[in-house]
């Protein structure tokens, strides 16, 4: 084993042999490790478990990077990033739009990397990754080319981990805005503006799937962000679309996206609270052949799950009452703490209260470039249902 700080697990704490998270309650003792250091993890008998990045501040104090006896150095990160990109490339060139690195799912917990054409967007969720940002960017460039990289850390995780979030170009300026193609649709992206890293890439496969279902239909895109579902629907032949979004910045980008695709004249963009607007549309007896509900996470902790379930039931009940005969509803939750089973139960209760009968056409989830690890169920966070009015 390599020299350096050692973190010893308590007896019987075997989960770390297949899951990368180690909590303080599982630790017997730890050597002289500074926040953000690499530690060698051993079991109670001193046998190697793996190596990870240590931070004593949060309850989740160590995230394993490897279960092998190997150094965590620049060459390690280059190998991991190359493997993540190769998984997406599937034997071809690196993808120009999509997620290149997805944290634990790619063996790089705390690192998220998205590509938007000529720009990389790098988000560090842990202190250990934030301290290695420049080395990680160099490794990325060695794999995908010398692209400008934008740091897009979120304040919440940064505060939790104890580092100052970065928001800006890492070492040199890149373009202020780019346009990216997603199938037949083009989207404007402004690095650093908006939620996540600039576009909800986890919904890419669902946008491509639902677009063709909208032909000759009236479409409602609620919690629309930059109107991704509405753009796909209209480009694929929807009659009209109503877009509901509360953020002024997102509304501006939604209007730009609709215009960029030549469909703005068939779209009504409403800046409003979606809960209120769904109730108003119900009172107006509006009907839609396709409805998409893609809200932000309602449950950010286990303590808020009950309130989240009430919110999901409310919006789904309203949407179900807005469905035209034979209409379809694509409804989602991206709350880690709301399981797929709980979400389906909630939709079932909403349908009962709404007095509608719905067929389940498909279970929906995150895009393929957001892989799910069987032994790390937390990597599956986007759950959805495609329903059809019977």
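A short reminder: the numbers here are calculations on the coordinates, not readings from a lab. The model shown is predicted, which means the values in this text are computed figures rather than measured ones. Every residue, glycine as well, gets a Cβ built from its backbone with ideal geometry; the counts of neighbours run over all protein chains shown.
Find the centroid of the Cα atoms in the range 290-366 and in the range 58-101, then give the distance between the two in whole Å. If you average the Cα positions of each part, the centres end up 34 Å apart.
Helix 74-89 axis versus longest C-alpha principal axis of the chain: approximately 30°, rounded to the nearest ten. Its relative contact order, with pairs defined as Cα atoms under 8 Å and 6+ residues apart, puts the chain at 10 percent. Panel order for 79, 47, by other beta carbons found within 10 Å of each beta carbon, from fewest to most: 47, 79. Estimated from the Cβ-Cβ distance and a Förster radius of 25 angstrom, the FRET efficiency linking residue 45 and residue 68 is about 0.85.
In the chain, the DSSP-assigned H stretches of four residues or longer account for a calculated mean residue ellipticity at 222 nm of -8500 deg cm²/dmol, using -39500 (n - 2.57) per stretch and the full residue count as denominator.
Going from the residue with the fewest nearby Cβ atoms within 10 Å to the one with the most, 346, 66 rank 66, 346.
Expressed per residue, the C-alpha convex hull volume of the range 144-233 stands at 125 Å³. Rounded to 0.05, the FRET efficiency of the residue 171 and residue 249 pair, given R0 = 25 Å and the Cβ-Cβ distance, is 0.45.
Taking every DSSP bridge with both residues inside the chain, close to 65 percent are antiparallel. Is the range 6-66 best put as rounded, prolate or oblate by its Cα gyration tensor, with a ≥ b ≥ c the root eigenvalues, rounded for a/c under 1.5, and otherwise prolate when a/b is larger than b/c, oblate when not? Cα axes put the range 6-66 in the rounded bin. Using a cutoff of 8 angstrom between alpha carbon atoms and counting only pairs six or more residues apart, the relative contact order for the range 1-149 works out to 18 percent.
Calculated FRET efficiency, residue 83 to residue 345, Cβ-Cβ distance, R0 = 35 Å: about 0.40 to the nearest 0.05.
Explain nothing, just the number: relative contact order of the range 6-66, from Cα pairs under 8 Å at least 6 residues apart, as a whole percent. Once normalised by length, the contact order is 38 percent. A simple spin-label model places pseudo-atoms 7 Å from Cα toward Cβ; at residue 14 and residue 361 they are separated by 4.6 nm.
The Cα center of the range 244-258 and the Cα center of the range 115-167 differ in position by 26 Å. Spin-label pair residue 266-residue 164: with each label point 7 Å from Cα along the Cα-Cβ axis, the two points sit 5.0 nm from one another.
By other beta-carbon atoms within 10 Å, ranking 229, 288 with the fewest at the front produces 288, 229. With the simple spin-label model, which puts each label point 7 Å out from Cα in the Cβ direction, the residue 216 to residue 300 separation comes to 4.5 nm. If you take every DSSP beta bridge whose two residues both sit in the range 240-390, what share of them, in percent to the nearest 5, is antiparallel? Percent antiparallel among DSSP bridges in the range 240-390 is about 60.
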